[in-house]
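To start, the structure under review is shown below, and the notes come after it.
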Amino acid sequence: MKQTIWTQRYDINSIVLNHRKRLGLVGLLKILQDTAWTHANHLGHGFDDMLSRNTIWVLTRQRLAMSDWPGWGDIVDIRTWVRPITGPLAQRDYEIFCGERKLGEGTASWLTLDQTTRRPMKLSLTESDTICRGDGTLATTPEKIAMRPDLTVTATIPARISDLDVNGHVNNVCYAQWILDSLPLDDHSAYRVSEYEINFLGESRLGDSVALERDDLPPSPTAPVRLHFQGKRDSDGTALFAARIGAAPAA
């Protein structure tokens, strides 16, 4: 019997830690991606299942809100499910728990594409193919983030072999890594990420150079901030992603 609500447990070990000995944003995004792939395989809509239908999943938007971050040695449970599907877009919700304490939640929007034409396709479901949770879904949905004309380039990043995913383009988690790497270490120590939201607007492939633009942080961490980041292909200016990070002064 298919489990529409899936729970997967992870130990917070050195593989996913940041420099503060806590689960970091990049580590959590990897965990969420792994959980989604495992659940999709269980439901019969994993990578190989989709390829057999000449289709692929593409992440289009993602939103995450965290009230706290687990530390080294903690154990987290990720609960995830798919909302009722309409058209080519699927929304997947996540909840992050440490014991009985809920630390955060998020939603990701996935688009079904024809592998050959790269055009959106409606996911083919039958009455017996029950993969969605019918009730209890999260109230939030990832929003559209507009590109801004007022930002300046702070880094130009080459897309490397280690950045690629199984579809041959830059993995979604790499964009978060690029975003965080564009900030000085002092800012990482002074602030704690509380929100992350991103729109994926175009594919980046091996050999591309990505111009990363961002807001500047205030000189002293006295209040919560929200920063805008965006990436463009350096060769032709094509928009690749637009993102926001909310952060609060670290305790």
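The values are calculated or read from the model by the stated rules, or taken from the named source; none is laboratory data. Keep in mind that what you see is a predicted model, and the values were worked out from it rather than measured. Virtual Cβ from ideal backbone geometry, glycine too; neighbours counted across all protein chains shown.
Is it fair to say LYS21 is within 29 Å of LYS144 (Cβ to Cβ) and either aromatic (Phe, Trp, Tyr) or out of contact with any Cys (no Cβ under 8 Å at 6 or more places or on another chain) (or both)? Walk me through how you get there before you give the answer.
Values: within 29 Å of LYS144 (Cβ to Cβ): no; either aromatic (Phe, Trp, Tyr) or out of contact with any Cys (no Cβ under 8 Å at 6 or more places or on another chain) (or both): yes.
The answer is no for LYS21.
Each row is one residue, and each column tells you yes or no for (1) within 17 Å of the chain's Cα centre (by Cα); (2) assigned to a loop (DSSP other than H, G, I, E, B).
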| residue | (1), (2) |
| --- | --- |
| ILE157 | no, no |
| TRP178 | yes, no |
| LEU206 | no, yes |
| PRO221 | no, yes |
- Of all residues in region 45-69, which are out of contact with any helix residue (DSSP H, G or I) (no Cβ under 9 Å at 6 or more places or on another chain) and either within 30 Å of PRO249 (Cα to Cα) or among the aliphatic types (A, V, I, L, M) (or both)? LEU51, VAL58, THR60, ARG61, ARG63, ALA65, SER67, ASP68
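Is it the case that some residue within region 210-224 is among the aliphatic types (A, V, I, L, M) and in contact (Cβ under 8 Å) with a residue 60 or more places away in the chain?
Our first condition is that a residue be among the aliphatic types (A, V, I, L, M); within region 210-224, this holds for 210-212, 217, 223.
Narrowing further to those that are in contact (Cβ under 8 Å) with a residue 60 or more places away in the chain: none.
No.
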- Within the bounds of region 229-250, is there any residue that is on the phi < 0 side of the Ramachandran plot, crowded, with 17+ Cβ neighbours inside 10 Å, outside any strand (DSSP E or B) and in contact with a helix residue (DSSP H, G or I) (Cβ under 7 Å, 6 or more places away or on another chain)? no
- Selected residue (criterion: farthest from VAL193 (Cα to Cα)) from residues of region 7-23 that are touching a residue at least 60 places away in the same chain (Cβ under 8 Å) and buried (at least 19 other Cβ atoms within 10 Å of the Cβ): TYR10
- Message: Can you name every one of the strands (runs of 3 or more DSSP E) wholly within region 1-106 that holds 2 or more residues which are among the hydroxyl-bearing types (Ser, Thr, Tyr), farther than 30 Å from ASP186 by Cβ and not assigned by TED's automatic domain parsing to the domain that holds GLY168?
- Response: 55-66
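May I ask you to say which residue of PRO221, PRO184 is of a type outside the set (Val, Ile, Thr), crowded, with 17+ Cβ neighbours inside 10 Å and farther than 21 Å from ASP34 by Cβ?
PRO221
Just to be sure, is TYR196 buried (at least 19 other Cβ atoms within 10 Å of the Cβ) and either free of Cβ contacts under 8 Å to residues at least 60 places away in the same chain or in contact with a Ser or Thr (Cβ under 9 Å, 6 or more places away or on another chain) (or both)?
On the way: buried (at least 19 other Cβ atoms within 10 Å of the Cβ): yes; either free of Cβ contacts under 8 Å to residues at least 60 places away in the same chain or in contact with a Ser or Thr (Cβ under 9 Å, 6 or more places away or on another chain) (or both): no.
Against the criterion (buried (at least 19 other Cβ atoms within 10 Å of the Cβ) and either free of Cβ contacts under 8 Å to residues at least 60 places away in the same chain or in contact with a Ser or Thr (Cβ under 9 Å, 6 or more places away or on another chain) (or both)), TYR196 does not qualify.
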- Message: Among the residues of region 35-93, what is the count of those that are at pLDDT 90 or above, under 17 Å from the mean Cα position of the chain (by Cα) and of a type in the set (Val, Ile, Thr)?
- Response: 6
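Suppose the filter is in contact with a strand residue (DSSP E or B) (Cβ under 6 Å, 6 or more places away or on another chain) and part of a loop (DSSP other than H, G, I, E, B); does PRO142 pass it?
The answer is yes for PRO142.
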